[in-house]
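I have placed the structure first, in the form of structure tokens, so that the comments after it can refer back to it.
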Amino acid sequence: MKKESAATIRAKQYTKNSDWFCDFRYSPVTGLAYEEGVHRRDPSAVILVGDTYYVWYTKSVGEAHGFSTGDPDAKVFPWDHSEVWYASSPDGVNWTEQGLAVGRGPKGSYDDRSVFTPEILHHDGKFYLVYQVIEGQYLLRKYENIAMAVAEAPQGPWRKLDEPILRPAMNGEWYGDDDNRLTVKHKGDFDSLKVHDPVLFYYNNQFYLYYKGEQKGEEMTFGGRTTKWGVAIADHPEGPYVKSEYNPVTNSGHETLLWHYRGGMAGLLSTDGPEKNTIQYSHDGINFEIEAVIKNPPEAAGPFRTPDHDRSPLEGIRWGLCHNVHSKWNYIMKFSIDEEFKHCYANKVNPEVLWLGKKARKD
Ligand code: AAL
């Protein structure tokens, strides 16, 4: 009998087609591009209001110094001492920064240190911004919360809710008093330490707030950091949000990226976990299955929220904005999906022809 390796036996289990598979392309934008001395990052989804595109993002100025300065006010990360700003565009490529959307609160308030990583939901004539907040000194063991502000127009004014809408589980127990988030007696839930990267949807007549959880005593696995996503659900956009009993709903993934597709929710998981670099789909917003394994995914992406999301599995991420954090000053660029190769195979056209054509265009 023909011998089969473990990999060959596994390969036979991978029977899905390429409907959810794609490659990604990146291109510059104007107005939110690299700027010396300024970080712009974590773009929200892009929404179209009238004939103008809008995006919200984390903005901060000045260098980050880490945790070893001894100065409790020193900026530790590029997203520390940040604010949420917004920009508009006629075409999704040429952006004009419009100014501050949501700033930090006065000393002693739940968002007095940093306000960052925004996402937007336009629903029923109102605009809901969800974002991360930090109060007081930024420590590695700091609990981080998610807050909301509401407006009648993309230009604001934004009304902050009185309290954050989501907090970490805050269970688990630290070991020792050093500010070390890896040393614990026990870890607690997947989101015992931080709730990050919120994204809000109107889904099945409720409001689904997906987020990334970080755990006290997080470890490294063979897939990288143990970050996972959860969802909290509310009947009203302003809450109260109740965490799903099924949380975490992913076992991998860093910044959240999700979109509607034919009555279910799709997500792109990147950066961390054994299922990073996969696109997943759930028919109910809770039970996600891997649909495609991808490469080169966008970081912290905010896709254009198209009304045509049911047209094809990837319509909800056809293009959008993402950030580049691999340079001294973080900046925003455009991503788009590329399905050309896939279509070659579907149409039985040698992909080499496409490749040569592209090369010729470039030369
Ligand atoms: C990113 C995101 C969140 C974190 C920080 C800024 O990787 O997960 O946004 O808080 O880093």
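All of the numbers you see were taken from the coordinates with simple rules; none came from a lab. These figures come from a predicted structure and were not determined experimentally. Virtual Cβ from ideal backbone geometry, glycine too; neighbours counted across all protein chains shown.
Being assigned to a loop (DSSP other than H, G, I, E, B) and either within 16 Å of the ligand (Cβ to nearest atom) or within 20 Å of the chain's Cα centre (by Cα) (or both) is the filter here; which residues of segment 71-92 pass it? It would help to see each step written out before you state the result.
Just the residues of segment 71-92 that are assigned to a loop (DSSP other than H, G, I, E, B), to begin with: 71-82, 90-92.
Matches in segment 71-92: Lys75, Val76, Phe77, Pro78, Trp79, Asp80, His81, Ser82, Gly92.
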The condition from (1) of a type in the set (Gly, Ala, Ser); (2) under 30 Å from Pro106 (Cβ atoms); (3) touching a Leu at 6+ places or on another chain (Cβ under 8 Å); (4) within 16 Å of the ligand (Cβ to nearest atom) that Gly267 misses is numbered (2)
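If we scan segment 46-58, do we find a residue that is assigned to a loop (DSSP other than H, G, I, E, B), touching a residue at least 12 places away in the same chain (Cβ under 8 Å) and of a type outside the set (D, E, K, R)? I'd like the intermediate steps shown before the answer.
In the first step, residues of segment 46-58 are kept if they are assigned to a loop (DSSP other than H, G, I, E, B); the result is 50-51.
From what's left, touching a residue at least 12 places away in the same chain (Cβ under 8 Å): 51.
Right, trim to of a type outside the set (D, E, K, R) and you get none.
Looking for residues that are assigned to a loop (DSSP other than H, G, I, E, B), touching a residue at least 12 places away in the same chain (Cβ under 8 Å) and of a type outside the set (D, E, K, R), one finds none in segment 46-58, hence no.
So how many residues does segment 151-198 have that are of a type in the set (Asp, Glu), under 23 Å from the mean Cα position of the chain (by Cα) and away from the ligand (no atom under 16 Å from the Cβ)? Can you show your working first?
Residues of segment 151-198 of a type in the set (Asp, Glu): 152, 162-163, 173, 177-179, 189, 191, 197.
Going one step further and asking which of them are under 23 Å from the mean Cα position of the chain (by Cα), we end up with 163, 189, 191, 197.
From what's left, away from the ligand (no atom under 16 Å from the Cβ): 163, 189.
Residues that pass the stated criteria total 2.
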So, first residue among the acidic types (Asp, Glu) in segment 173-198, second residue assigned to a strand (DSSP E or B) and away from the ligand (no atom under 16 Å from the Cβ), Cβ within less than 7 Å, six or more apart or across chains; the pairs are Glu173/Val184; Glu173/Lys185; Glu173/His186
Checked segment 299-321 for anything in a loop (DSSP other than H, G, I, E, B), under 25 Å from His123 (Cβ atoms) and within 16 Å of the ligand (Cβ to nearest atom); matches are Ala300, Ala301
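Within segment 54-70, restricting attention to residues that are surrounded by 21 or more Cβ atoms within 10 Å (Cβ to Cβ) and away from the ligand (no atom under 14 Å from the Cβ), which residue is farthest from Leu129 (Cα to Cα)?
From segment 54-70, those surrounded by 21 or more Cβ atoms within 10 Å (Cβ to Cβ) are 54-60; that's our starting set.
With the extra rule that they be away from the ligand (no atom under 14 Å from the Cβ), the set shrinks to 54-55.
Details: Tyr54: 12, Val55: 11 Å.
Selected residue: Tyr54.
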Given (1) more than 14 Å from the ligand (Cβ to nearest atom); (2) touching a residue at least 40 places away in the same chain (Cβ under 8 Å); (3) more than 23 Å from Ser44 (Cβ to Cβ); (4) not hydrophobic (A, V, I, L, M, F, W, C), Gly224 misses just (1)
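Right, Gly105: assigned to a loop (DSSP other than H, G, I, E, B) and over 18 Å from the mean Cα position of the chain (by Cα) or not? Walk me through how you get there before you give the answer.
Numbers: assigned to a loop (DSSP other than H, G, I, E, B): yes; over 18 Å from the mean Cα position of the chain (by Cα): yes.
Yes: the conditions hold for Gly105.
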Restricting segment 270-298 to residues that are in a loop (DSSP other than H, G, I, E, B) and among the charged types (D, E, K, R), the one nearest to the ligand (Cβ to nearest atom) turns out to be Asp272
Apart from one, (1) within 19 Å of Gly267 (Cα to Cα); (2) within 20 Å of the chain's Cα centre (by Cα); (3) more than 15 Å from the ligand (Cβ to nearest atom) all hold for Met148; the odd one out is (1)
